[in-house]
Amino acid sequence: MPVIGNLQEVVDIFTDGGTVMAALAIVAFLLYTTASASLYFVLRGNLNNRQKSDWAEWINDPEAAEGRVGEIIRYALHGKKLSIKRVQRRFDEMREVLIASIDRRLIIITTLVAAAPMTGLLGTVGGMLDMFDGLAAGGGKQSMGLIASGMKEALFTTLTGLVIALPGMFMSLMVRERRNKIDSTLAQLQSTIVTTKFRNI
C-alpha cells in the first residue's frame with residue numbers, strides 16, 4: 001500500500017540520518033507545540049479592531065462587553081474612584097502581562113528555529129567524519145558502505161534541519177504580526193476609554 005511505503009521511507013530516512021535525527025525530532029516537537037500554542041493564544045478572542053464600533057457602548061456599559069476586550073474594559077474601569085492615571089496604570093499592567101507573555105513565547109520559538117539547522121549541521125559533521133573513516137579504510141565493499149552511510153547522514157540531517165526550521169520561521173512571523181496588532185489594539189482601546197470616560201476633564 002502507498003501509505004505503508006511512504007511510512008517506510010520516513011523510517012529509512014530517520015535511521016539513515018543517525019542519532020542526530022532523534023535530537024531533530026525533539027527540536028521539531030518543541031518548536032511546533034510551542035508555535036501552535038502561541039498562535040492559538042494570539043488568534044483566539046476578539047482582541048482586534050473588528051468590533052471597534054461597539055467599544056464606546058461597552059465602555060458605558062462594561063457588563064455588556066464581550067470577549068477579551070470586555071474583560072479588559074471591566075478591569076480598566078473597575079472601582080469607584082477612577083482617574084486617567086489609574087486607567088493608564090491598569091493598561092500598563094495588562095500590556096506587561098499580555099505582550100510580555102507573547103514575547104517570551106517568541107524568544108523560545110526563534111531559539112528553536114535557529115537550533116534546528118544547527119542541529120542538522122551537527123549531523124552533517126558526523127556524516128563527514130564517517131565518510132573520512134570510509135576513505136581511510138581503503139577500497140572494498142565495506143569502505144564504500146561507510147562512505148555511502150556517511151553521505152546519507154550528512155545530507156538527511158541538513159535537509160531535515162531546514163525542513164523543520166522554515167515552517168517554524170513562518171509561524172514565528174505570524175505570531176509576531178498578531179502580537180503587534182494586539183499591542184496596537186490595546187493602545188487604541190486605552191485611548192477610547194480615556195476619551196469616552198474623561199471627555200469633560
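The values are calculated or read from the model by the stated rules, or taken from the named source; none is laboratory data. Since the structure is predicted, the reported quantities are computational estimates derived from the model, not experimental observations. Here the Cβ is made from the backbone with ideal geometry for all residues, glycine too, and neighbour counts use every protein chain on show. Accessible surface areas use protein heavy atoms only, side chains included; no ligands, DNA or RNA. Shrake-Rupley method; radii C 1.70, N 1.55, O 1.52, S 1.80 Å.
Working only within the range 40-57, note down all residues that are of a type outside the set (Lys, Arg) and farther than 14 Å from Arg178 by Cα.
Pass one, the range 40-57, residues of a type outside the set (Lys, Arg): 40-43, 45-49, 51, 53-57.
Hits for the range 40-57 are Gln51, Ser53, Asp54, Trp55, Ala56, Glu57.
Table: residues versus (1) at pLDDT below 90; (2) of a type in the set (Lys, Arg); (3) under 30 Å from Thr19 (Cβ atoms).
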residue: Thr110; (1), (2), (3): no, no, yes
residue: Pro117; (1), (2), (3): no, no, yes
residue: Gly126; (1), (2), (3): yes, no, yes
residue: Met131; (1), (2), (3): yes, no, yes
residue: Lys152; (1), (2), (3): yes, yes, yes
residue: Thr158; (1), (2), (3): yes, no, yes
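Take the residues of the range 149-192 that are in contact (Cβ under 8 Å) with a residue 60 or more places away in the chain and open to solvent by 90 Å² or more (accessible area, probe 1.4 Å): which is farthest from Val87 (Cα to Cα)?
So, considering only residues that are in contact (Cβ under 8 Å) with a residue 60 or more places away in the chain and open to solvent by 90 Å² or more (accessible area, probe 1.4 Å), the one farthest from Val87 (Cα to Cα) is Lys152.
Out of Asp183, Asp103, I need the residue that is within 14 Å of the chain's Cα centre (by Cα), of a type in the set (Asp, Glu) and modelled with pLDDT of 90 or more. Which one?
Going through Asp183, Asp103 in turn, just one is within 14 Å of the chain's Cα centre (by Cα), of a type in the set (Asp, Glu) and modelled with pLDDT of 90 or more: Asp103.
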